[in-house]
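Below is one structure, written out as structure tokens; comments come after it.
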Amino acid sequence: MDSLYQRLRELDPHTFQTLCFHILKERYPSLELKHVDGAAGDEGLDVFAGELAGRPSIWQCKSFTRISESQKNQIRASLKTALNHFSPEHWILCLPIDLDAKTHRWFEKWKKSHAKQVKIGLFPASEIAHELLHRRTIRNHFFPNLGLDSVELKRIVSGSGELTSEELEKLTEDNLEDFVERLKERDARFNYQIVFDGDLGPPARRDKFVPGLVMSIGSGTKTINVFVRDHEALRSNPVTLELNLKGTGLEKHETLLKTGIPQEFSFEEFEPITSTTPLLTPVLLGHGPKSRLTIGPSPELTQRRRIVRLRFYRSGHKKIEYPLMDLSPVRIGTDEAEFRCSGENLPFEMSVVMPPPHKIGKGRTGTGCKITFHYHSAVGFEVKELKKFLDALALLAPKGGIEVFDLKSQKVMTKTAFESENPTMIPAYHAFVKNLVKVAVRFSVDLRFPANPSDKDLEILLILQRAIEGGTIPVNNISASVVKDEENRESLPQQFASGAARFRFVYPRMEPKPVLFGTTIDTGPYAMEFDAQIIDLGVTLEQFRNAAIGDALRFSFRPTSPVRFSLLSDDEVDSLSASRREPSAR
């Protein structure tokens with residue numbers, strides 16, 4: 001077991017609480033974190049941020065070495081105690097161990113059961129250890145002699161520990177300047193940039209072409225970026241690399257040439273690399289058991305792009321178009337090439353594998369073409385854009401197709417037919433998105449797909465959908481306030497004499513206004529129509545007869561048919577306003 005993880009498990013409860021406080025204090029410098037000491041910890045908190053009288057964030061530290069039913073009960077009790085004393089927005093459990101898969105499932109289930117009261121989080125050993133790796137002062141304070149401190153050792157050897165930060169900065173600048181000059185002495189045809197970023201890990205792959213950059217040489221903590229300075233000198237004496245492949249490396253090289261797919265060569269698959277520039281010394285080029293060589297497309301190639309039109313079609317159906325899409329090469333080989341087709345604010349990207357451009361001629365359009373869709377998360381996308389894409393996919397099966405048209409050359413690049421059913425289509429999801437679009441269009445709102453649609457969202461969607469379609473929903477009871485006046489004092493008891501009748505209520509809009517995916521919707525005027533039986537008919541009519549003119553009485557109905565919703569025009573509301581009532585369904 002890693003010594004840091006072992007030492008975490010050995011901490012006593014008080015020391016573990018103090019360690020968590022200092023890590024959290026460093027991790028969230030903008031929060032005014034407070035550590036609760038002594039018996040006050042019995043109130044279900046050890047560290048907190050915010051006002052305890054408000055909605056604080058609470059951290060509870062438990063120095064458990066395992067999680068059994070006993071520890072689970074203690075965790076439940078701590079949260080219950082915190083909820084009894086406070087109204088926290090977040091409650092985070094800190095542990096000096098990591099949970100196994102079974103305990104993670106329990107924790108997730110327990111977390112969801114309290115989701116309406118508080119947001120529960122977890123700060124386990126792996127996250128604590130990760131923070132300690134980047135916080136040397138805290139690590140050395142709580143875990144002295146944990147391991148050799150390379151930073152302190154370098155300071156002792158170099159004597160830099162006695163320098164001020166300003167003196168060390170000046171010394172570093174002088175040394176870097178000297179290092180760059182030595183690089184120029186090796187090869188003056190280039191300019192150099194030195195980057196130190198050890199905490200960020202190995203240098204990241206460059207996705208964008210940087211003008212003038214010819215190579216980057218990395219050592220894990222240091223990267224030397226080499227830029228062209230003297231173009232004329234390089235033209236007369238260009239830099240060359242000589243690489244001899246062997247064994248399976250020859251097969252990989254053939255694959256690289258044919259497909260353009262990046263290949264990684266191991267130590268056994270290539271001979272030592274030589275170069276005409278003194279920059280690339282045998283040490284920098286490296287050749288040993290751990291050496292790896294990766295060869296792939298240049299960023300200069302992958303940054304090229306063309307503007308194309310993407311068209312989905314099927315015989316007898318209306319075509320769906322994406323008029324302005326970016327088409328950029330991913331790789332190009334002698335036998336095939338791959339292009340990425342993408343656009344702004346679209347829920348998908350499309351990969352097209354086809355013959356390389358120089359092999360596409362008459363009669364070759366679409367030959368050997370393979371199309372793959374890469375779907376983005378639907379979260380945050382406008383529902384009409386999602387529906388457009390799902391409608392486009394639906395055109396592909398059966399016997400649909402895709403056409404990629406180059407707007408610059410005004411020629412079809414590829415046209416691919418689909419013969420079989422599309423396995424990626426989920427009809428239920430497609431229908432769900434269609435219903436969302438109906439709501440967005442009918443009520444002129446911008447609906448964006450949420451991360452997790454709630455049960456309330458689905459309930460609101462059903463009601464709005466029924467209102468648009470003139471559909472029905474079951475309702476158990478309905479109550480209405482009826483104002484007694486001269487016109488209905490005699491007619492209403494006669495109309496309700498049998499206890500059963502057909503009722504129609506008209507409203508200017510749904511109140512409170514429904515909220516779908518966080519968007520408030522003004523439905524405008526609508527009607528509810530249903531058959532119902534008046535509850536306690538005799539008592540209700542007697543109260544009505546005894547009431548004075550102007551009194552409002554509550555009538556309760558038990559629907560004997562589903563309640564039908566329908567949206568109305570303003571003219572219909574005006575014509576019915578005299579008979580409008582104000583019931584409330586429950």
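When the residues of the stretch 416-447 are filtered to those that are modelled with pLDDT of 85 or more and within 17 Å of F373 (Cβ to Cβ), the one that is surrounded by the most Cβ atoms within 10 Å (Cβ to Cβ) is V433. Counting only residues that are in contact (Cβ under 8 Å) with a residue 12 or more places away in the chain and among the charged types (D, E, K, R), the stretch 479-520 holds 7 of them. In the set (1) part of a helix (DSSP H, G or I); (2) of a type in the set (V, I, T); (3) surrounded by fewer than 16 Cβ atoms within 10 Å (Cβ to Cβ), the condition left unmet by I468 is number (3). Cβ separations smaller than 7 Å between residues 6+ apart or across chains give the following pairs from the stretch 535-562 residues that are within 10 Å of V483 (Cα to Cα) to residues that are of a type in the set (A, V, I, L, M) and part of a loop (DSSP other than H, G, I, E, B): L553/A547.
The values are calculated or read from the model by the stated rules, or taken from the named source; none is laboratory data. Predicted, not measured: the structure shown is a model, and the values here were computed from it. Here Cβ is always computed from backbone atoms with ideal geometry, including for glycine, and neighbour counts include all displayed protein chains.
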